[in-house]
Amino acid sequence: AQVLLSLENWEEARRTAECALEEDPRNAKAHYRRAKASVGLKDWEVAAVAVEGGLDALGSSIGSSSEQDAMRLEFWSLADEISRALPDRKWARARPSTKEPGADDFERRIIGTWTYPGGKYEIKLEPWGALIFHEDTVKIDLMRKSKLRWRGELELISGMVLNLAYEPGSDVLDTEFVPPPDFQLEEHKWEGQKRFTAHRAKVPEASPAESPTVQPPPAVQPIPETQPSSSEAHQSVDSEPSPSDADTAAKQGIPDDLEEINAPPELWLIGNHSFCGRYVMLPREPGVRFPIYCRTASEGHTSAGGQGSAELFLWHRGGNWGVTTSLHPSLLAAPFLARCADAVGLANPLELRRPRWLVRKGRGLEEFDPSVCLQAAAQSEVSGREAIAVLPDRK
């Protein structure tokens, strides 16, 4: 459900949280995710019921643990947003006593842009109360672990954790990316630093002298209504377009999608009979950055169990190139049969350096399969040294 919330798939996130509550009605995190998804859907009554259930699950013991106190603050943050939409809503529990404004409001103090040697990132608070770490295309949902510490998980790389520690005296954020134990940085092209100190970015003050001067628009001169002569009209019709007009007309033509995204029209996935075969690129829709490949039933290699004859899709979703049975944005509705992490966002999957394909073995279970790889030609067309050239280097 947390992944679906990050993707803003509110309907699916709420349904997953409700399934978790059927198994454990006292699950405070499930109540919070149900409330957060309902706020995203503007379903205020359901969100209020979920907040009440979460506060009941946490109890009224303040200071029992830092994690429970942090979650209790998250619930009351959602309650404030619900109260703005439902002014007459009365809460069953009383809000815990708070200190003077600004005394220990460190969560709001870390909001802003932070710079470090070689880059910068932003900490921002979403309208529904979530604290987000945002750098380029990476977004991480942060949860408060203590008074000055926050933690989040990077979805692009399973198991990688982000830890933030705020030092109010020097106004810096100690930032640390902790990879999983079996993680190899080079294989996932992780070029960023693992631990560094970020400083608050200075907002430049615009001086009055530097402010641009707005020029008044030129006066519109009336055009005399004169008819062109016959010779001038003939000359304007027969004249050839200028080079600038020709260039503009060429730019308005339909570009070649294959050249624009630099991706092959077809790919061959080999190594596993469940999803191997020839994948052909589908016509690209406007606004779609990554190509989508489809393997029809006739292109698959039928295995002993007959699983290789189904229609499959090879496409990019959530920082991974992977194979699914349908083009659905939900990880639950269409889980990856096999996936390869792509933290850079390449439009051509053949350009992945040292890809590692993880094959689904069951619900929540994946296993690295060194035999799976992508190539631009059929396996029978590649032999000898050519086969060694197309297979990825797996050191």
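The values are calculated or read from the model by the stated rules, or taken from the named source; none is laboratory data. If you're wondering where the values come from, they're calculated on a predicted model, not measured in any experiment. Positions of Cβ are generated from backbone atoms using ideal geometry, with glycine treated the same way; all protein chains shown enter the neighbour counts. Accessible surface is based on the protein model in full, side chains and every heavy atom, while ligands, DNA and RNA are left aside. Shrake-Rupley method; radii C 1.70, N 1.55, O 1.52, S 1.80 Å.
What to note about this one:
- Every test in (1) open to solvent by 20 Å² or more (accessible area, probe 1.4 Å); (2) more than 25 Å from Asp105 (Cα to Cα) is passed by Asp80 save one, and that test is (2).
- Counting only strands (runs of 3 or more DSSP E) that sit completely within the range 321-372, those holding 1 or more residues that are among the acidic types (Asp, Glu) and open to solvent by 80 Å² or more (accessible area, probe 1.4 Å) correspond to 365-368.
- Of residues in the range 123-179 being more than 26 Å from Phe75 (Cα to Cα), assigned to a strand (DSSP E or B) and of a type in the set (Asp, Glu), the one nearest to the chain's Cα centre (by Cα): Glu135
- Unmet criterion (only one of (1) outside any loop (DSSP other than H, G, I, E, B); (2) modelled with pLDDT under 80) for Pro204: (1)
- Lone unmet requirement of (1) closer than 23 Å to Tyr32 by Cα; (2) modelled with pLDDT under 90 for Arg149: (2)
- Residues in the range 336-357 include none that are at pLDDT below 80 and polar (S, T, N, Q).
- Checked against (1) at pLDDT below 90; (2) of a type in the set (A, V, I, L, M); (3) over 16 Å from Arg278 (Cα atoms), Ala377 passes all but condition (3).
- Residues of the range 136-174 that are of a type in the set (Ser, Thr, Tyr) and surrounded by fewer than 17 Cβ atoms within 10 Å (Cβ to Cβ): Thr137, Ser146, Ser158, Ser170.
Residues are listed down the side, and each one gets a yes or a no for (1) at positive phi; (2) out of contact with any Leu (no Cβ under 8 Å at 6 or more places or on another chain); (3) at pLDDT 90 or above:
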{"site": "Asn9", "(1), (2), (3)": "no, yes, no"}
{"site": "Ser38", "(1), (2), (3)": "no, yes, yes"}
{"site": "Leu55", "(1), (2), (3)": "no, yes, no"}
{"site": "Leu58", "(1), (2), (3)": "no, yes, no"}
{"site": "Gln68", "(1), (2), (3)": "no, no, no"}
{"site": "Met71", "(1), (2), (3)": "no, no, no"}
{"site": "Arg89", "(1), (2), (3)": "no, yes, no"}
{"site": "Ala103", "(1), (2), (3)": "no, yes, no"}
